[in-house]
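Down below is the structure, laid out as structure tokens.
The values are calculated or read from the model by the stated rules, or taken from the named source; none is laboratory data. All values reported here derive from a predicted model rather than from experimental measurement. Every residue, glycine as well, gets a Cβ built from its backbone with ideal geometry; the counts of neighbours run over all protein chains shown. The accessibility values were calculated without ligands, DNA or RNA, using every heavy atom of the protein model including side chains. Shrake-Rupley method; radii C 1.70, N 1.55, O 1.52, S 1.80 Å.
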Amino acid sequence: MTLFPQAGTRVAKLTALGIGVAFMATACGGSSTPTATESSATGSASGIACPAPEGGGGAAASQPAETPSVPPSTATTETPLRIGSLLPTTGSLAFLGPPEIAGVNLGIDEVNKAGGVLGKPVEVIHRDSGDTKTDIATQSTSALLGQGVSAIIGAASSGVSKTVINQITGAGVIQFSPANTSPDFTTWDDKGLYWRTAPSDVLQGKVLGNYMATCGAQTVGMIVLNDAYGTGLATNIKSAFEAAGGQVVAEELFNEGDTQFSSQVDKIIAAKPDAIALITFDQAKSIVPLMTGKGVQPTQMFLVDGNTSDYSKDFQPGTLKGAQGTIPGTFAQEDFKKKLLAIDPALKDYSYAGESYDAVNLISLAAEAAGSTKGVDIAAKLKEVSEGGEKCTSYAACVTLIREGKDADYDGQSGPVTFSDAGDPTEAYIGIYQYQDDNKYTAVKEEFGQL
């Protein structure tokens, strides 16, 4: 069908070319990217000693202090760009909702301050995604489609996105996730309408698997959520860790909705691994106390983006001190945090706020470049505004280039953004964080990789 010009090429291209991962900065190598941080690691299998926190960031694009003068749009639209969000305010990933929603709202605010899209303010409609235990996402998607959105930002959970992706893309609407990491979406038959700013778990798994080995672990146990996110990430962690010479000695699964984890914890501890990877969502609140209560040291624990969160109100001080976690994306810049806090003063986490903000900017820029607010027209321009041309780091700067007839190349708060034909970012940072005595995490280092 001519409505979906990319549909026939995505899977064929990916099948023919395959996916390769080339790391530009790793724990045991130098960096060819000046903004990536570096540190050396020493450690033993028993102690799990990793690089000391370096803090800071620098990979995210800096933004101009003031909105530049933006020329008026050269095109107009009768139908304003309407964006929906499908992000979690309930369920096992509810802690990700506030930063993602704040990122969306900040993006909408800045786009509209710069004159909107095609001469009209952008509208946003928020709906809850829930999790895979409920049918909230389907109901929310139906409501958003009924209100004529051109794009839906979400879901956060790969498992939830799988329940609605065909519903969204089948309606000719863009689904743009700021947090989906399952590799399955790379080859999904999405009519060219599924995009994401979070890198595939091929990258996060590679980084975490290598990092645990660098810290001195020779054996690893894994407690894994049995869904698209958990098992996909576990596969890539295992592959990287084994390639580094390590051995996965135990892997225990659980299902969404489970509340008892003693069996999994006991089996992992019985295998006596040097390190333990917790690939969960908020189930970590139940699993961590079980493990520490049986003698597991927090320095042996490695978390992932689904559970690297603020646990200052959940655990006794020191419970997680020394534990580490990975989150795709570069460290949030202080000026960006301040802007997010102005949107939502109650924010505790900033996970995927940058990716959500970037999704708004990219959708808006693609609509401006297309001269249209139709989903299929916007999708046809998303790759174009992410690559080549003149670098720009805000909607105002990029849309100015577009309105002057130039080619804009947007890089954002999640780091560099360059899309593949499959709608995946082809390069990204993975942040590594370490927990302090207050059970809050601080930045350790960033790893940059290409897919």
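Annotations
- The single condition among (1) under 19 Å from residue 192 (Cβ atoms); (2) surrounded by fewer than 20 Cβ atoms within 10 Å (Cβ to Cβ) that residue 400 does not satisfy is (1).
- Of all residues making up the stretch 297-318, the number that are part of a loop (DSSP other than H, G, I, E, B) and either in contact with a Lys or Arg (Cβ under 9 Å, 6 or more places away or on another chain) or open to solvent by 10 Å² or more (accessible area, probe 1.4 Å) (or both): 12
- Hits in the stretch 279-296 (condition: assigned to a loop (DSSP other than H, G, I, E, B) and among the basic types (Lys, Arg)): 294
- Strands (runs of 3 or more DSSP E) contained in the stretch 184-264 and holding at least 2 residues over 25 Å from residue 448 (Cα atoms) and open to solvent by less than 10 Å² (accessible area, probe 1.4 Å): 219-225
- Of the strands (runs of 3 or more DSSP E) entirely within the stretch 374-451, those holding at least 3 residues that are out of contact with any Gly (no Cβ under 7 Å at 6 or more places or on another chain) and under 29 Å from residue 121 (Cβ atoms) occupy 390-392.
- For the residues 391, 348, 381, the requirement of being out of contact with any Phe, Trp or Tyr (no Cβ under 7 Å at 6 or more places or on another chain), within 14 Å of residue 412 (Cα to Cα) and either aromatic (Phe, Trp, Tyr) or surrounded by fewer than 24 Cβ atoms within 10 Å (Cβ to Cβ) (or both) singles out 391.
- For the stretch 328-381, filtered to residues that are under 24 Å from residue 312 (Cβ atoms) and of a type in the set (Phe, Trp, Tyr), the residue that is modelled with the lowest pLDDT is 331.
- The sole residue among 276, 268 that is buried (at least 23 other Cβ atoms within 10 Å of the Cβ) and either part of a strand (DSSP E or B) or among the polar types (S, T, N, Q) (or both) is 276.
- If you go through the stretch 319-343 and keep only what is open to solvent by 30 Å² or more (accessible area, probe 1.4 Å) and over 27 Å from residue 278 (Cβ atoms), you end up with 333, 334, 335, 338, 339, 341, 342, 343.
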